[in-house]
Amino acid sequence: MGASNSRHVSTTGGENVRIKFAVSSVQGQNDKMDDAYALVPDLDHATSFFGLYDGHSGPDVALLCARLFHIELRVHPNYETNLNNAMRSVFSRMDELLQQSNEWMELVIPAASRNWIRRLIKAIVIDTLHCKWGYIPPQNLGCSATVAVARGSRVTVGNVGSCRCVASRNGQAIQLSTDHIPRNRGERRRIQRAGGTLELDKYVAVEALRGPGYRAYRGILATSRAIGSFVFKQNKNLPPEEQLVICNPDIHSMEITDDVEFLVIANCGVWLYMTSQGVVDFVHEQLGSGETDLRVICQRLVRRVQPARPDATAMLIQFKHAAPDAAEGSEDSDDQEIKSDAGDEGQQPSAPDRETVSRALEFVRSKQREHKGENLSGATAQSSSLRRRMPS
């Protein structure tokens, strides 16, 4: 407990004419930080984007999402006219990129870890497996993901997994995400139909798979939806939305009225030890005591749960209600309504630098060209295409 309290808390924040925001993150008792996030206050002139990604079995997939998700969203054809549809598509798109080839690692390796020896060994092993069996998508690497887009007088939230988004409206916690846990009735039914089992009523389990491209182990996961984690998505007789673990997001939205004070987005390292209402009350206590620096409030929040084993990351977004409204696009008619809180239940990038954005945009555009019929022929050409496009 004492050693944990000395761990470094990474904090950043900022503001624009519409919002103030901050994020704090502290590594748990594991040997590395698996959380990643993206803060993009001006995705366009009227839109702000916030994404929190909680990695499973490592930070790689979380880091990829932190670099690419908002860029894929921004260039999606429905971004301006149907944000909900665009958001759903991008969740699936992340899985597609992970499945196509190991090119995605080019965006992760430069900043994903200081342990370059481990990365070099991993790259050699992957290249060897690619030559022998073809590309193998990440079997156990994956992440939970929650993204929030504030546009004009509306906020739209999409999520898979265990990162939660909560709004405060007149001091009451309003949950804007769904906790995708295996014991939920609908999730349990899908898992069982797909041939999976539940362990201790809270873990998705799949029997060991053997053969080229498979690791001989039993997959265990505490969430029933995730990006990546393909050991749970290998039933060739089922479509993606019926696999043991899926990446279909739940999407919620709400009007940002004058009585909506702020949003909190946090990973399970916070929610395992505090309720949604408890976090909202904590933030209100801090604001009521005269603290106006959101970075300080986020630091105090993650330090409150810091002795726990998991990594803890928390974002706080405060709305400036005097900001002018922007024109809003049409939304899907089948999105879920907001719901009230039902009870208890590192090395991350902040805003990407210019070089990272440039590399990521070129990566996205190249994939769009391939989808239009400009695919490279042959596995070797496919696996090396990004290296040729990227500057050294």
**Fill in**
Apart from one, (1) over 19 Å from Y37 (Cα atoms); (2) at pLDDT 90 or above; (3) part of a loop (DSSP other than H, G, I, E, B); (4) of a type outside the set (D, E) all hold for S177; the odd one out is (1)
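What's the total number of residues in the stretch 266-278 that are within 20 Å of the chain's Cα centre (by Cα) and assigned to a loop (DSSP other than H, G, I, E, B)?
Here the count works out to 2.
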**Residue in the stretch 114-135 that is assigned to a loop (DSSP other than H, G, I, E, B), under 19 Å from the mean Cα position of the chain (by Cα), more than 27 Å from I256 (Cβ to Cβ) and modelled with pLDDT under 90 present** = no
**Prompt:** Restricting attention to the stretch 246-265, which residues are in a loop (DSSP other than H, G, I, E, B) and surrounded by 24 or more Cβ atoms within 10 Å (Cβ to Cβ)?
**Reply:** C247, P249
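Where residues in the stretch 85-101 are over 15 Å from T146 (Cβ atoms) and not small (G, A, S), which of them is surrounded by the most Cβ atoms within 10 Å (Cβ to Cβ)? Explain how you work it out, then say what you get.
Of the residues in the stretch 85-101, the ones over 15 Å from T146 (Cβ atoms) are 85-86, 89, 92-93, 95-101.
Next, only the ones that are not small (G, A, S) stay: 85, 93, 95-100.
Numbers: N85: 19, R93: 20, D95: 22, E96: 13, L97: 21, L98: 24, Q99: 15, Q100: 15.
Residue satisfying both the conditions and the ranking: L98.
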**Item:** Residues located in the stretch 219-237, provided they are on the phi < 0 side of the Ramachandran plot, under 15 Å from the mean Cα position of the chain (by Cα) and not aliphatic (A, V, I, L, M)
**Value:** T223, S224, R225
**Request:** Sort out which residues of the stretch 301-317 are of a type outside the set (A, V, I, L, M, F, W, C) and not in a helix (DSSP H, G or I), and write them in order of number.
**Result:** Q306, P307, R309, P310, D311, T313
**Request:** Could you tell me whether any residue of the stretch 289-300 is assigned to a helix (DSSP H, G or I), at pLDDT 95 or above and β-branched (V, I, T)?
**Result:** yes
**Complete:** Taking the stretch 31-63 and keeping residues surrounded by 24 or more Cβ atoms within 10 Å (Cβ to Cβ) and not in a strand (DSSP E or B) leaves D34, P59, D60, V61, A62, L63
**Asked** Within the stretch 73-84, can you find the residues that are part of a helix (DSSP H, G or I) and surrounded by fewer than 17 Cβ atoms within 10 Å (Cβ to Cβ)?
**Response** V75
**Complete set of residues in the stretch 276-292 that are over 14 Å from I317 (Cβ atoms) and surrounded by 13 or more Cβ atoms within 10 Å (Cβ to Cβ)** = S276, Q277, G278, D281, F282, H284, Q286, E291
**Prompt:** Would the stretch 17-30 turn up any residue that is over 18 Å from A266 (Cβ atoms), buried (at least 23 other Cβ atoms within 10 Å of the Cβ), at pLDDT 90 or above and touching a strand residue (DSSP E or B) at 6+ places or on another chain (Cβ under 7 Å)?
**Reply:** yes
**Request:** Look at S153 and say whether it is farther than 25 Å from G269 by Cα, in contact with a strand residue (DSSP E or B) (Cβ under 9 Å, 6 or more places away or on another chain) and modelled with pLDDT of 90 or more.
**Result:** yes
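The values are calculated or read from the model by the stated rules, or taken from the named source; none is laboratory data. Treat the numbers as computed from the prediction; the structure is a model and nothing was measured. Positions of Cβ are generated from backbone atoms using ideal geometry, with glycine treated the same way; all protein chains shown enter the neighbour counts.
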